[in-house]
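Report on the following structure.
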Amino acid sequence: MLSVKNLTKKFKHSVAVDNLSFDVIPGKIFGLLGPNGAGKTTTIRTVLNIIKPTSGTIIFNGRPITNQFFNQIGYLPEERGLYRRSKVIDVLKYFAELKNLSSVEAVKTADEWLEKLNITHYRNKRIEELSKGNQQKIQFITAVFHDPDLLILDEPFTGFDPINQQEIKELILSFVSSGKIIILSTHQMETAEKLCNEILLINNGLEVTSGDLADIKRQFGGNNIKLQFSGNSEFLKSFHGVIHYESYSNYAEVQLSDDISPSEFLHRIIDKIEIKHFSVIEPTLNKIFIDLIKEQPI
Amino acid sequence: MKKILAIAKWEFIEKVKTKTFIISLILTPIIIIGFSIVPTLLSTKEDARTKAIGVLDITGFYFDNVRKALEEYKLEDGQPNYIVINLIKDNDELNDNKTNADKNILENKIEGYLFINIPSPDSLVAEYRSRSIGNFRDVKRFEEVLNKIRIREELLNSGIDPGLISSLQKNIQLKQIRIEESGKEGKQDFLTVFFSSFIFIILLMMMVIYSGQMLVRSLIEEKSNKLIEVLISSCTPDELLTGKILGLSSLGLTQISIWALIGLGLVGGAVVPPEMFENILLMLLYFVLGFVFYTTLFVGIGSIVTTEQEAQQITTYLSLTLMLPIVIAMPAIQNPDVLILKVFSYIPLTIPSVMLLRVNIAPVPVIDLLITVSIMLISIYIMIKLSAKIFRIGILSYGGRPTIKEIIGWIKSG
């Protein structure tokens, strides 16, 4: 288990992380969420022991995190980059050796992973000859091929096409069953919603909300309705019982106050516009995220 | 330790494979060989063929004597060095004679000619006219010959015994011999000192610039694409630093070994005089100390700068300090005790190159050797400590270049 207590990191002119506490348990994906500049990357760097926290403790499997844990950590940084002029297999071998694999093991593991991700034919190519997506795959391999106990993925899906995203998603899910501690940092709420069991939402270095994703949804879930229609729906903005109205190109989302049920609402509007689709929805994480961040004082 | 070796191996192999390395490996010796062989050729090489030299002697007195004297000079194979031709055609006017003679030069019939004239009874004018000026040895010989003839003639006229004159006119050639500590005689002349020192200084400078830039460039690359974060989450900054310095030093040593082999080959082939390598061990010592010192210095710098242009500027300026001895070489060779030389032999930045020069000029007292080597070792130690501190923080600081004040803060905080 990874246990972070009262983590604070101050820089010269700012507080990047302000008194954060969270636990990450194996077998679940922990989502570290927040808008750009919220303090996600700083939190990750402290957990990785790349930078020292101003205060607070980080306990990994019962012991403070130190350099001994290097080989048990896998890290995929948000900004990607590899030695562009070097060969794929050489780069993989180097990073494996840095994770304490022998050179024989390193090559063997690298080859296994190249095969797993269907990019064996790039083995002897230079990194710069590969497409961006394939470069990302190589970097993903460097984060996981030493079978780390703690895996930290910062925006793992950016730059991948949908097919590759699916492939990576399945890989990450397979790590869950093997009992790794996984932290996924992202501002893509759709991804977080699909993968994470627990989340910590931060903004300006402060915790906004945290806990089990299902609980949070229930907590924020109200009477939410998805509506497809034709006709002018402007009147809904000020309609009785409507707390929030959000119109998209093909549909609209309506949040109702507690004193009106969805079916009652349907009754009232049914002769005002032509309804094509009507369903009750849970709030998306995206919506929770936006609502919560907007509420935050800047 | 295992990781340090992995890093060193990576830095070494990835850089050995680059085109710039291979080019510098080949190009540097070519430049150096040019530096060392050309002066040797110029200063000692005898003419390979006999030269036809004309004499246009208006006085009619000098021609025979000049011919006799010049034909004394022999080529290596025993052939005469000069064939002396009389260009006077009795019927012609002076100007026609000159025109004809000049034409002979342009037509390559003669190398050049001596024009000897007496415009008034007590003045003698001599010219050497040729297609190119600058053959110092020929001109010096002609001067000597003409002077000897003139002096001999005047002495004879005043009734001095011809035998005495001959013995008076024997040249004394001054040989320069340097006495070394052990009491044996050194055989170096100015050029050998100059060039053997300079070869090493230039080698050192090229290697420092080259490997310093490589180091800084790779640091900037790792910083800009955040690879450094992956590295630092796999090993400590100190391991990374040590690995990089180790890898780069091995690269430097590989380079110098290959060059040394080439150098030995040249000595073996008698292309380069062996005296050039007389102080090779001391020179290698200062060379290696200098290289390691500058490499550690560049690690610190590399973790501060953010763009390649910046890096290039700083590495070039720093390496120029190595060129300092070339500026102070002349006064230093004339007087090895000159103060400036002593001063520069106590500054870490200049010790390597100044000492490379000093060991070749005059025997360096053992105490000076001990002091300079100690200064270098201590500076390297301090530099590693400083660079490591700057490195630890600098590699993770993005954005603009930090101010001097900030860097001092880093050093203190480490």
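Give A:200, A:227, A:213 a once-over and let me know the one that is touching a residue at least 40 places away in the same chain (Cβ under 8 Å) and out of contact with any Ser or Thr (no Cβ under 9 Å at 6 or more places or on another chain).
Details: A:200 fails: out of contact with any Ser or Thr (no Cβ under 9 Å at 6 or more places or on another chain); A:227 fails: out of contact with any Ser or Thr (no Cβ under 9 Å at 6 or more places or on another chain).
Unique residue meeting the criteria: A:213.
Out of everything in the stretch B:1-24 that is more than 34 Å from the chain's Cα centre (by Cα) and aliphatic (A, V, I, L, M), what residue ends up being nearest to the other protein chains (Cβ to nearest Cβ)?
The extreme case among them is B:6.
Spot the failing condition for residue A:262; the list is (1) at positive phi; (2) in contact (Cβ under 8 Å) with a residue 24 or more places away in the chain, and only one is missed.
Exception for residue A:262: condition (1).
Looking at (1) surrounded by 14 or more Cβ atoms within 10 Å (Cβ to Cβ); (2) part of a helix (DSSP H, G or I), which is the one condition that is false for residue A:31?
Among (1) surrounded by 14 or more Cβ atoms within 10 Å (Cβ to Cβ); (2) part of a helix (DSSP H, G or I), the lone unmet condition for residue A:31 is (2).
Only one of A:261, A:230, A:247 is within 27 Å of the chain's Cα centre (by Cα) and over 30 Å from residue A:20 (Cβ atoms); which? Even if it seems obvious, please write down each step before you answer.
Details: A:261 fails: within 27 Å of the chain's Cα centre (by Cα); A:230 fails: within 27 Å of the chain's Cα centre (by Cα).
Only one candidate qualifies: A:247.
Yes/no matrix, rows are residues, columns are (1) acidic (Asp, Glu); (2) over 23 Å from residue B:220 (Cα atoms); (3) within 8 Å of chain B (Cβ to nearest Cβ):
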{"residue": "A:77", "(1), (2), (3)": "no, no, yes"}
{"residue": "A:80", "(1), (2), (3)": "no, no, yes"}
{"residue": "A:86", "(1), (2), (3)": "no, no, yes"}
{"residue": "A:92", "(1), (2), (3)": "no, no, no"}
{"residue": "A:129", "(1), (2), (3)": "yes, no, no"}
{"residue": "A:135", "(1), (2), (3)": "no, no, no"}
{"residue": "A:138", "(1), (2), (3)": "no, no, no"}
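Output the number of the condition that residue A:158 fails; it satisfies all remaining conditions of (1) free of Cβ contacts under 8 Å to residues at least 40 places away in the same chain; (2) more than 12 Å from chain B (Cβ to nearest Cβ).
(1) is the only condition that residue A:158 fails.
Residues are listed down the side, and each one gets a yes or a no for (1) touching a strand residue (DSSP E or B) at 6+ places or on another chain (Cβ under 6 Å); (2) under 25 Å from residue B:242 (Cα atoms); (3) surrounded by 15 or more Cβ atoms within 10 Å (Cβ to Cβ); (4) assigned by TED's automatic domain parsing to the domain that holds residue A:186:
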residue: A:74; (1), (2), (3), (4): yes, yes, yes, yes
residue: A:89; (1), (2), (3), (4): no, yes, yes, no
residue: A:98; (1), (2), (3), (4): no, yes, yes, no
residue: A:103; (1), (2), (3), (4): no, yes, no, no
residue: A:107; (1), (2), (3), (4): no, yes, yes, no
residue: A:110; (1), (2), (3), (4): no, no, yes, no
residue: A:134; (1), (2), (3), (4): no, no, yes, yes
residue: A:142; (1), (2), (3), (4): no, yes, yes, yes
residue: A:146; (1), (2), (3), (4): no, yes, yes, yes
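How about the stretch A:1-23: which of its residues are closer than 13 Å to residue A:200 by Cβ, of a type in the set (A, V, I, L, M, F, W, C) and without any contact (Cβ under 8 Å) to a residue 60 or more places away in the chain?
Result: A:4, A:7.
Name the one entry in B:117, B:95 that is part of a helix (DSSP H, G or I) and modelled with pLDDT under 85. Spell out the reasoning first.
Working: B:117 fails: part of a helix (DSSP H, G or I).
Within the list B:117, B:95, the selection yields B:95.
Would you say residue A:244 is modelled with pLDDT of 80 or more and closer than 30 Å to residue A:199 by Cα? Explain how you work it out, then say what you get.
Numbers: modelled with pLDDT of 80 or more: yes; closer than 30 Å to residue A:199 by Cα: yes.
In short, yes.
For the stretch B:382-402, what are the residues that are surrounded by fewer than 17 Cβ atoms within 10 Å (Cβ to Cβ) and modelled with pLDDT of 75 or more?
Matches in the stretch B:382-402: B:382, B:385.
Looking only at the stretch A:46-59, decide whether some residue is within 11 Å of another protein chain (Cβ to nearest Cβ), touching a Pro at 6+ places or on another chain (Cβ under 6 Å) and touching a residue at least 40 places away in the same chain (Cβ under 8 Å). Talk me through it step by step, then tell me what you get.
As a first pass, look at the stretch A:46-59 and keep what is within 11 Å of another protein chain (Cβ to nearest Cβ): A:47-52.
Adding the requirement that they be touching a Pro at 6+ places or on another chain (Cβ under 6 Å) leaves none.
No, that holds for no residue.
Can residue A:26 be described as within 18 Å of residue A:189 (Cβ to Cβ) and not in a strand (DSSP E or B)? Break it down into steps so the answer makes sense when it comes.
Numbers: within 18 Å of residue A:189 (Cβ to Cβ): no; not in a strand (DSSP E or B): yes.
Answer is no for this residue.
Since residue B:128 meets every condition but one in (1) over 33 Å from the mean Cα position of the chain (by Cα); (2) surrounded by 13 or more Cβ atoms within 10 Å (Cβ to Cβ); (3) not in a helix (DSSP H, G or I), which condition does it not meet?
The failed condition is (1).
If we scan the stretch B:230-248, do we find a residue that is of a type in the set (Val, Ile, Thr) and not in a helix (DSSP H, G or I)? Outline the logic, then answer.
Within the stretch B:230-248, the first condition is being of a type in the set (Val, Ile, Thr), and the residues that meet it are B:230, B:232, B:236, B:242, B:245.
After this cut, where a residue has to be not in a helix (DSSP H, G or I) as well, the list is B:236.
Looking through the stretch B:230-248, at least one residue is of a type in the set (Val, Ile, Thr) and not in a helix (DSSP H, G or I).
Assuming residue A:75 fulfils every condition listed in (1) at pLDDT 90 or above; (2) touching a Gly at 6+ places or on another chain (Cβ under 7 Å) apart from one, which condition is it?
With respect to (1) at pLDDT 90 or above; (2) touching a Gly at 6+ places or on another chain (Cβ under 7 Å), residue A:75 is out only on (2).
Would you call residue A:118 in contact with a strand residue (DSSP E or B) (Cβ under 8 Å, 6 or more places away or on another chain), exposed (fewer than 15 other Cβ atoms within 10 Å of the Cβ) and not assigned by TED's automatic domain parsing to the domain that holds residue A:23? Break it down into steps so the answer makes sense when it comes.
Details: in contact with a strand residue (DSSP E or B) (Cβ under 8 Å, 6 or more places away or on another chain): no; exposed (fewer than 15 other Cβ atoms within 10 Å of the Cβ): yes; not assigned by TED's automatic domain parsing to the domain that holds residue A:23: yes.
It is false that residue A:118 is in contact with a strand residue (DSSP E or B) (Cβ under 8 Å, 6 or more places away or on another chain), exposed (fewer than 15 other Cβ atoms within 10 Å of the Cβ) and not assigned by TED's automatic domain parsing to the domain that holds residue A:23.
I'm trying to understand the selection: among the residues of the stretch A:37-57, which are at pLDDT below 85 and either buried (at least 24 other Cβ atoms within 10 Å of the Cβ) or not basic (Lys, Arg) (or both)?
Within the stretch A:37-57, the first condition is being at pLDDT below 85, and the residues that meet it are A:37, A:49-52.
Matches in the stretch A:37-57: A:37, A:49, A:50, A:51.
Name the residues in the stretch B:232-271 that are within 13 Å of chain A (Cβ to nearest Cβ), farther than 25 Å from residue B:380 by Cα and touching a residue at least 40 places away in the same chain (Cβ under 8 Å), would you?
The answer is B:234, and nothing else.
The values are calculated or read from the model by the stated rules, or taken from the named source; none is laboratory data. Only a predicted model underlies this, so the values are computations on that prediction, with no experimental measurement involved. Every residue, glycine among them, receives a Cβ derived from its backbone with ideal geometry; neighbour counts consider all protein chains shown.
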